[in-house]
Each structure stands twice: as structure tokens, then as C-alpha cells.
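Asks: One structure, pasted below without further comment.
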Amino acid sequence: GIQVEQSPPDLILQEGANSTLRCNFSDSVNNLQWFHQNPWGQLINLFYIPSGTKQNGRLSATTVATERYSLLYISSSQTTDSGVYFCAVVSNFGNEKLTFGTGTRLTIIP
Amino acid sequence: DAEITQSPRHKITETGRQVTLACHQTWNHNNMFWYRQDLGHGLRLIHYSYGVHDTNKGEVSDGYSVSRSNTEDLPLTLESAASSQTSVYFCASSFDKGSYEQYFGPGTRLTVT
């Protein structure tokens, strides 16, 4: 099946810093989503971005489907950005299930 | 507002008991999914449904069953709970087959003692 790798696994930043999270996937996809899992365990949809670039406030994401990677940018980090960020994809060749990466744990220090 | 809910949010049960976790969505989505999240494994698919009376096995379906009698609900049943089924369970839904965003419920934390 499709493989999804995220980097870095852990990231510790000072409040106000910027960060870039990366997601590599091994096959063509028709769905790519970024999620934030907050400290209470809730999965929050950030972006639905199988290709192209989107922005939502301090967050933006870019997916280059032909090169099989996606990037999530967080600018001017706040402590509420802490948590685990997951990339998840749906392969073009299979059922509709999301295959998740192992996540990037982001800790923002005041 | 449309939403997806799960109940209970927390449950403790004993080995061998039957347990049912509820999932209800008000988006009128055709697709519904159950995932479990465990340390070291991320989220893995248990069962999924593309519509009423349709159910399919995911990658970790042993010991679990689902039924889809209407569009809104996909209950997950653990026939005989085992300690290996201690996990956090997430329900999700999406509009239809194809390239559509999936939305997740708040999760149910299940402990089997």
C-alpha cells in the first residue's frame, strides 16, 4: 500500500517562530489532508489539498502531486499550535481510506 | 450546524463483554469510516461503508463488526472485547466516493480490563 512519511518527527520552537512540516508519499493520490491533533485528542481538519496551494490565516499548505510531497507552513507560532500534525492521503488505487503518516509533534514554548 | 458525534466519549469494559460504539453524522454523507489510534501505529482503518447496507473490512477488522441501516449512523461493535482493543476510536465521514474531504468525530477512548 501507499507509504506516507512525515518530517521532522519532533519540533520545539519559541513562540513567534515559523516552521515547515513535510509530507512525502509513495504513490499518486486523489486526496491529501492535513490535520492538527490537539492535546485533548481531537482531530481538526486544516487543509484538504490534493494539489496546489491554500492559505488559512497563519497556516498555508502546498502540495506538488507530481513530485509526491506536501508542505505545511505555520507562521508566527502560538502556544495553541502545539500538538501533533498529521498528513493523510487517499491513494488513486484502492478504497477511500485515509493512510496517515506518523505525524510531527510540535511544541511551542512561550 | 452539521456535525459528526460519537458516544460514549469514554468507556471502561471487561474482557469478553460486547461493546457498541455509536457514530452519528448529520451531513448526509454516503461514506463513513471507523479508525483506531494506537501509539506507534497511527490511525488504522477498521471498517468502512459507502452507503446504506454496504459495509467493508479495513486493515484491522478482526473482532469488530459494523452495520449501516441508515445514512446517518455507523455503530461499531466489539463482539467479545479483548485487552488488545484498548484504543482511541475515531469515526469519520465524507460526501461520496472520489476526491472528498473526510471529517472526524471527537473520538471514543475505550479501555478493556
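Each reported figure results from applying straightforward, stated rules to the coordinates on display, with no laboratory input. From a predicted model like this one, the values you see are computed outputs, not experimental measurements. All Cβ positions, glycine included, derive from the backbone under ideal geometry; neighbour counts span all protein chains shown.
Asks: Hey, got the average number of other protein chain Cβ atoms within 10 angstrom for residues in B:107-113?
Replies: 1
Asks: In nm, what is the difference between 0.36 nm times the number of residues separating residue A:10 and residue A:24 and their Cα-Cα distance?
Replies: Length gained between residue A:10 and residue A:24: 3.4 nm.
Asks: Could you work out, residue by residue across A:97-104, how many beta carbons of other chains sit within 10 Å of that residue's beta carbon, and then give the average as an integer?
Replies: 5
Asks: Could you name the aspartates and glutamates whose alpha carbon sits less than 17 Å from that of residue B:97, not counting residues in the same chain fewer than 8 places away?
Replies: Within the straight-line limit of under 17 Å, residue B:97 reaches these aspartates and glutamates: A:96, B:54, B:72.
Asks: If R0 is 35 Å, what FRET efficiency do you get for residue B:65 and residue A:58 from their C-beta distance, rounded to 0.05?
Replies: The computed FRET efficiency comes out at 0.25.
Asks: Right, next: Mind checking the dipole of region B:48-91: about its Cα centre, +1 per Lys or Arg Cβ, -1 per Asp or Glu Cβ, Debye to the nearest 20?
Replies: Numbers: 2 positive and 6 negative charges, 5 e Å.
The dipole magnitude comes to about 20 debye.
Asks: Per-residue mean of other chain beta-carbon atoms within 10 angstrom of the beta-carbon, peptide A:52-65?
Replies: For peptide A:52-65, the averaged partner shielding equals 0.
Asks: Net charge within 13 Å of residue A:88 by Cβ-Cβ distance, Lys/Arg positive one each and Asp/Glu negative one each, not counting residue A:88 itself?
Replies: So the environment of residue A:88 carries a net charge of -1.
Asks: Just how large is the dipole of chain A about the Cα centre, in debye to the nearest 20, putting +1 at every Lys and Arg Cβ and -1 at every Asp and Glu Cβ?
Replies: With Lys and Arg at +1 and Asp and Glu at -1, about 100 debye.
Asks: May I pose another question? About its Cα centre, how strong a charge dipole does chain B have in debye, to the nearest 20, once Lys and Arg get +1 and Asp and Glu get -1 at the Cβ?
Replies: Magnitude of the dipole: close to 280 debye.
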